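Just so it is clear, none of the values below were taken in a lab; they were calculated from the coordinates. Source: prediction; values computed, not measured. Here Cβ is always computed from backbone atoms with ideal geometry, including for glycine, and neighbour counts include all displayed protein chains.
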Amino acid sequence: MPRPYQPSLLRILHGAVAVLVPAAWISGLIVYSLHDGRWGRLPWHPGGDWIDIHGSLGVLLWPLAIAFGLYALSLGRARLRRPENAAALLGLALAVGSGKLMSEDWLRQGELDQAVYGIHLLAWLLIGAAVLWHVSGVLGRGGLPLARSMASLQARPNDRPRHWPGQIARCFRRSG
């Protein structure tokens, strides 16, 4: 059986998002624990301004989420037919979009009833569950070889960065 291969642009975008999402999720848990905590608090409290750390991760995630979403809606359309992939992308869009609409002062001032903050909390839960569903789907479909193919540094000769514009153009010519 041939080893699975994932396009290099997908691996780069997916990898960057896969590093930032857990960091944002964990920093969001700490922010929640320190400033909200209505449904529980962490037993330890790290030092630092976690609202700013979480916001900085969101600023880094914003352009990557847009690029990853555009990839998913164009070259990756077939992968979105899997509900676990679509749920993960929806959770990412909801988390980044609602985070962009928030004011960092709301939590510092105890304004926990803002609708956008409620949506952001919902997105935090959704993306956590969707990532677990996504990873279990990958392992269920292709096991470790499929999971490893997302982390592979190998690229086929026709799948290097200089080929990405042509891949994207072909995708739009097919759908047009």
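Points worth noting:
- For the stretch 23-36, 3J(HN,Hα) per residue [Karplus equation, 6.51 cos²θ - 1.76 cosθ + 1.60, θ = phi - 60°, Hz, x = Gly/Pro]: 5, 5, 5, 5, 5, x, 4, 5, 4, 4, 4, 6, 10, 10
- Backbone HN-Hα couplings from phi across the stretch 117-124 [Karplus 6.51/-1.76/1.60, Hz, Gly and Pro as x]: 5, x, 5, 5, 5, 4, 4, 4
- Whole-percent pair-distance distribution, where bins are 10 Å wide, for the alpha carbons of the chain: 9, 34, 31, 18, 8, 1
- Selection from P83, L61, L107, by position along the positive dipole direction of the chain (Cβ): P83
- Taking the longest Cα principal axis of the chain as reference, the axis of helix 83-101 is set at about 50 degrees.
- Basic side chains Lys and Arg get +1 at the Cβ, acidic Asp and Glu get -1 at the Cβ, and with that the dipole of the stretch 17-92 about its Cα centre reaches some 440 debye.
- For the stretch 1-72 versus the stretch 94-122, the gap between their alpha-carbon centres in whole angstrom: 16 Å
- Magnitude of the charge dipole for the chain, about its Cα centre and with charges confined to Cβ atoms of Lys, Arg (+1) and Asp, Glu (-1), is about 1400 debye.
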